[in-house]
Amino acid sequence: MLRWNGFPYADDVAASLTSGPVGLPGAVARVDGDYIYVRLGRAVLRLSARRAPARHKAEAAL
């Protein structure tokens, strides 16, 4: 498990590991409660950290 309380947010780390062009091909992320799990094959990284603030619906639509 990797844990910290600062920037970048755990959501951003998971997104960078699972999204192209720099993410790991085949890596997937799953949120479960206070944790984000990033899985690649049989390897699992559990992220526990401050999450990004929720965006308002108007901001999310932009």
Residue list for the range 25-43, restricted to those being among the hydrophobic types (A, V, I, L, M, F, W, C) and either open to solvent by less than 80 Å² (accessible area, probe 1.4 Å) or modelled with pLDDT of 95 or more (or both): ALA27, VAL28, ALA29, ILE36, VAL38, LEU40, ALA43
Checking LEU62 against (1) out of contact with any Phe, Trp or Tyr (no Cβ under 9 Å at 6 or more places or on another chain); (2) outside any loop (DSSP other than H, G, I, E, B); (3) modelled with pLDDT under 95, the condition it does not meet: (2)
Of the criteria (1) open to solvent by 70 Å² or more (accessible area, probe 1.4 Å); (2) at pLDDT below 80, which one VAL22 fails: (2)
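The values are calculated or read from the model by the stated rules, or taken from the named source; none is laboratory data. None of these values were measured; they are calculated from a predicted model. Every residue, glycine among them, receives a Cβ derived from its backbone with ideal geometry; neighbour counts consider all protein chains shown. Accessible surface is based on the protein model in full, side chains and every heavy atom, while ligands, DNA and RNA are left aside. Shrake-Rupley method; radii C 1.70, N 1.55, O 1.52, S 1.80 Å.
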